[in-house]
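Engineer: Structure incoming, see below.
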Amino acid sequence: MDAVARAVRGRFGFYIKDLETGLSHEYNADEPLPTASTIKVACLIEVFRQVETGRLSLEDRYRVPDNVSTHGTGVLSLTQDAPELTVRDYCRLMMAVSDNVATDTLHGLVGGGDAINATMDDLGFHQTRFPMAIGVWHYLMHGATVAPTHENDDLMRVGKLTGDGDRNLPFASSVANNVASARDLGRLMEMLSKGEIVSPAACAQMLEMMKKSTRPDSIRQFLRPEVEAARKDGGSGRIKADCALVDLPSGPLVIAALATTDTRETSQQGAEAIGTVSLLAYEALSQASVRYPES
């Protein structure tokens with residue numbers, strides 16, 4: 001695993017723990033690294049915390065706001081008539097298809113990064129930060145510091161949205177960026193598996209939402225399709241990341257890994273490293289769970 005990590009041309013960190021035996025291994029697990037969409041786990045936790053306190057309800061309905069960027073992954077960017085959804089459905093879309101419109105709607109509903117970061121601090125995860133809505137984060141990659149609007153989204157799609165903002169920040173190991181350490185993400189998944197965040201019932205609901213993500217890459221690249229995993233992956237340009245609670249026959253396994261390669265041309269190396277490190281863990285613990293590519 002360490003050899004795989006060292007070969008990545010850039011920054012790479014992972015944290016792996018077999019919850020059945022307590023055996024763990026890690027590499028550069030405490031450096032805050034860019035998360036792309038894996039940071040949505042922190043947003044999900046904050047939503048459920050506010051549901052627990054009564055500030056929000058999963059049944060509350062909200063219309064998609066007009067100041068949320070439609071850039072990037074998901075299905076809500078295709079809508080034109082400002083649909084109204086429940087908080088529960090926004091959460092499901094955020095986790096199942098990594099919907100950025102759903103994410104930024106929830107990010108605003110919970111009070112933004114200040115609320116999410118405060119909860120992460122309360123839980124002891126000081127390297128996990130979600131200061132920027134996903135749309136704002138994407139804008140900054142172009143140097144743009146303007147507010148998200150549909151008109152600005154159109155300019156970004158044709159490469160005309162630019163500015164003099166710090167376009168290096170979205171790739172930086174800085175808590176001013178959307179970041180997490182591999183240990184933080186892994187420990188979050190472990191606490192969810194043990195019912196230790198918000199409540200056991202809330203943890204069960206969050207994990208069930210995360211099981212809807214079944215893309216066969218990164219952590220799932222070498223995993224047989226029948227093996228369940230509660231998971232949130234992410235990627236944007238040079239950034240690749242994934243975290244999961246994998247339900248192996250041998251017992252639950254936590255994997256969290258983040259990579260930011262030096263160039264966009266080497267970005268696939270990060271995803272492949274996450275897949276290979278995961279494969280090595282599966283081979284060590286549950287050979288029957290491995291799906292090897294057809295030759």
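Engineer: For a test of the definition: using alpha carbon positions, the gyration tensor, and the 1.5 limit on a/c, classify segment 61-110 as rounded, prolate or oblate.
Structural biologist: Values: a/c = 1.27, a/b = 1.02, b/c = 1.25.
It comes out rounded by the Cα gyration axes.
Engineer: Using the Cα gyration tensor of segment 176-225, with a ≥ b ≥ c the square roots of its eigenvalues, what is the shape: rounded (a/c below 1.5), prolate (a/b larger than b/c) or oblate (neither)? Before the final figure, lay out the partial values.
Structural biologist: Working: a/c = 2.06, a/b = 1.17, b/c = 1.77.
Cα axes put segment 176-225 in the oblate bin.
Engineer: Based on the alpha-carbon gyration tensor of segment 1-116 and its eigenvalue square roots a ≥ b ≥ c, which shape applies: rounded if a/c is under 1.5, prolate if not and a/b is larger than b/c, or oblate?
Structural biologist: Numbers: a/c = 2.71, a/b = 1.80, b/c = 1.50.
In terms of gyration-tensor shape, prolate.
Engineer: On to the next question. Of the labelled options (1) 118; (2) 142; (3) 130, which one gives volume of the Cα convex hull per residue in Å³ as computed for this structure?
Structural biologist: (3)
Engineer: Beyond a 25 Å Cα-Cα separation, which of these cross-linked pairs lie in this structure: 17/211; 194/240; 160/212; 40/240? Walk me through the numbers before you get to the answer.
Structural biologist: On the way: 17/211 19 Å; 194/240 27 Å; 160/212 35 Å; 40/240 14 Å.
Table pairs above 25 Å Cα-Cα are 194/240; 160/212.
Engineer: For the chain, what relative contact order do you get, as a whole percent, if you take Cα pairs closer than 8 Å and at least 6 residues apart?
Structural biologist: Values: 620 pairs, mean separation 74.6, N = 295.
RCO, the chain: 25 percent.
Engineer: Using a 10 angstrom cutoff on alpha carbons, build the Gaussian network for the chain and name the most mobile of 267, 57, 69.
Structural biologist: Of the options given, 57 has the highest mean-square fluctuation.
Engineer: For the residues 130, 48, 12, what sequence is obtained by ranking on other C-beta atoms within 10 Å, fewest first? Show your work: numbers first, answer last.
Structural biologist: Numbers: 130 29, 48 22, 12 26.
Ascending Cβ contact count within 10 Å gives the list 48, 12, 130.
Engineer: Once Rh is set to the Kirkwood radius over Cα pairs, what Stokes-Einstein translational diffusion coefficient, in µm²/s, holds for segment 246-295 at a temperature of 37 °C and a viscosity of 0.692 mPa s?
Structural biologist: Details: Rh = 12.3 Å.
Using the Kirkwood radius from Cα pairs, D works out to 268 µm²/s.
Engineer: Treating the beta-carbon of each Lys and Arg as +1 and of each Asp and Glu as -1, no other charges, what is the dipole magnitude of segment 2-286 about its Cα centre, to the nearest 20 debye?
Structural biologist: On the way: 28 positive and 38 negative charges, 71 e Å.
In debye, rounded to 20, segment 2-286 gives about 340.
Engineer: Using helices alone, what [θ] at 222 nm do you get for the chain, with -39,500 (n - 2.57) per DSSP H run of 4 or more residues, divided over all residues and rounded to the nearest 500? List each step's numbers first, then the result.
Structural biologist: Working: 10 runs with 110 residues, N = 295.
Rounded to the nearest 500, it is -11500 deg cm²/dmol.
Engineer: Pairwise over distinct Cα atoms, reciprocal of the mean inverse distance: report the Kirkwood radius of segment 193-254 in Å, one decimal place. Show your work: numbers first, answer last.
Structural biologist: Values: mean 1/r = 0.0804 Å⁻¹.
Evaluated on segment 193-254, it is 12.4 Å.
Values quoted throughout were computed directly from the atomic coordinates according to the rules given, and no laboratory measurement underlies them. The structure displayed is predicted, hence computed values, not measured ones. Neighbour counts run over all protein chains shown; Cβ positions are idealised from the backbone, glycine included.
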